[in-house]
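One structure is given here, and the rest of the page talks about it.
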Amino acid sequence: MLKKTYRFTNASTDYYFAGSISNLKNIADQKNTVIITDEHVFTAHQKKFKNWNTIVLKPGEEFKVQATVDSVIVQLIEMGADRTTMLVGVGGGVITDLTGYIASIYLRGIHFGFVPTTLLALVDASIGGKNGIDVGVYKNMVGCIRQPKFILQDASFLVTLPDPEWKNGFAEIIKHAAIKDAALFRQLEENSLNVYQKRKQLVGQLIQRNAILKTKVVQADEFEQGDRKLLNFGHTLGHALENQYSLLHGEAVAIGMAFAAKLSEQFSSFKQADRVINLVEKYGLPVSASYDKDKVFTVLQSDKKREANVMNFVLLKSVGKASVQKIPLEQIYNYI
Ligand SMILES: NC(=O)c1ccc[n+]([C@@H]2O[C@H](COP(=O)([O-])OP(=O)(O)OC[C@H]3O[C@@H](n4cnc5c(N)ncnc54)[C@H](O)[C@@H]3O)[C@@H](O)[C@H]2O)c1
């Protein structure tokens, strides 16, 4: 296990790479910690939760909502959780987003940490301090930015991760490569999902590289005034599709990336949309969907990146380089 501490504006986070949840007792006080997880993770890894106070939630994006927050808060009150209690989210991005948010508002804020258990959460969702919930079809409409005390990575959870969830994680990995890391993009082109699934060491390196890539972007721009916006590549159309059509987050982002790559050819100097689309498809992800344009456009307009009649859209300049460009909503509508 490798420990590294990363400093953010108001806090620092300890990252434990290639670790094990058995180390959790050395990081968090077992008596004063409450683990939040979901039924899938709990059932598949029951032994790992032995002797820990645990709240088990129903799995899935539909539960990343205020009603779940309320029910966890009631349980925390009943358990006698106080300002010294630590919450630890053990799960995918839904659990880490929920745990970070609940810990940020319970008693006006208590400490929290994460043990991410999906590829997507290991490389993306557990990192950067964005915590929050959905409101109906509107993704991540309520939330805050607050960093976890620690992120403990334990890749042994991935043994039980279903195939679609592996693909889901690769959507965010492809996103990182497309906006920031041309060498990683080439590595992904040369390998395949199957190769990564079989080679533990390779997947370990991939997780660490992506976690550090995202961390550096966040460190440079924690409150999303500049470069952090690039991490939204593929997310504008993606978020508008995700909850309306019950897509996995990665599937929605994959369709959004294909759209943004095409849009980049139209509005930026980008010439390699096909290369992005081919890579997305290589990892078993969708690049198109049939949907109701007007319904999707209505949700798209509520995106946090909209300013009056223009959308701050993340476009590619080349593979590994991206920028934010203002595109009139009308032109996006015409292009969808
Ligand atoms: N905060 C951020 O910066 C950020 C970044 C990216 C995504 N997200 C959010 O993350 C969420 C998507 O995350 P996700 O794809 O991890 O979703 P998820 O948490 O719903 O997990 C996906 C599924 O895998 C199951 N699962 C988790 N770990 C498992 C394991 N080890 N073995 C077997 N099953 C397991 C879960 O129960 C669930 O059914 C979305 O809500 C998205 O908005 C947040």
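Where a number appears in this text, it was derived from the coordinates with a stated rule and is not lab data. This one's a predicted model, so the numbers in the text were calculated from it and none came from an experiment. Reconstructed Cβ throughout: ideal geometry from the backbone, glycine too, with neighbour counts over all protein chains shown.
Comparing 123, 203, 159 in a Gaussian network model of the chain where C-alpha atoms under 10 Å apart are linked, the largest mean-square fluctuation is found at 159.
For region 183-192, backbone phi angles converted through the Karplus equation (6.51, -1.76, 1.60; θ = phi - 60°) give residue-by-residue couplings of 5, 5, 4, 5, 4, 5, 5, 6, 9, 8 Hz, Gly and Pro being listed as x.
Mean-square fluctuations from a GNM of the chain, with a 10 angstrom spring cutoff on Cα atoms, peak among 269, 290, 104 at 290. Shown is the FRET efficiency for residue 51 and residue 310, computed with R0 = 41 Å from the Cβ-Cβ distance and rounded to the nearest 0.05: 0.15. Name the residue, out of 91, 226, 143, whose mean-square fluctuation peaks in a Gaussian network model built on the chain with Cα pairs under 10 Å. Of 91, 226, 143, the most mobile in the Gaussian network model is 226. For a test of the definition: using alpha carbon positions, the gyration tensor, and the 1.5 limit on a/c, classify region 16-84 as rounded, prolate or oblate. The shape class here is oblate.
Note on region 36-133: with charges restricted to the Cβ of Lys and Arg (+1) and Asp and Glu (-1), its dipole about the Cα centre is near 300 debye. Taking amide H as placed 1.01 Å from N in the peptide plane, residue 140 has its amide H under 5 Å from the amide H of 134, 135, each at least 5 places away in sequence or on another chain. Indicate, rounded to the nearest 5 percent, the antiparallel portion of the DSSP beta bridges found entirely in the chain. Antiparallel bridges make up about 50 percent of those DSSP assigns within the chain.
The longest stretch of the chain left intact once loop-based trypsin sites (Lys or Arg not before Pro) with at most 11 other Cβ atoms within 10 Å are removed from consideration, loops following DSSP, is 84-336. A cut-off of 5 Å between modelled amide H atoms, ignoring neighbours fewer than 5 places along the same chain, links residue 15 with 4, 5, 6, 151. The H on the amide N of residue 57, modeled in the peptide plane, is under 5 Å from the matching H of 37, 38, 39, each at least 5 residues off or on a different chain.
Please list, or write none, the aspartates and glutamates whose alpha carbon is within less than 20 Å of the alpha carbon of residue 282, excluding same-chain residues fewer than 8 places away. Answer for residue 282, where 20 Å is the Cα cut-off: 163, 165, 172, 181, 189, 190, 251, 274, listed by chain and number.
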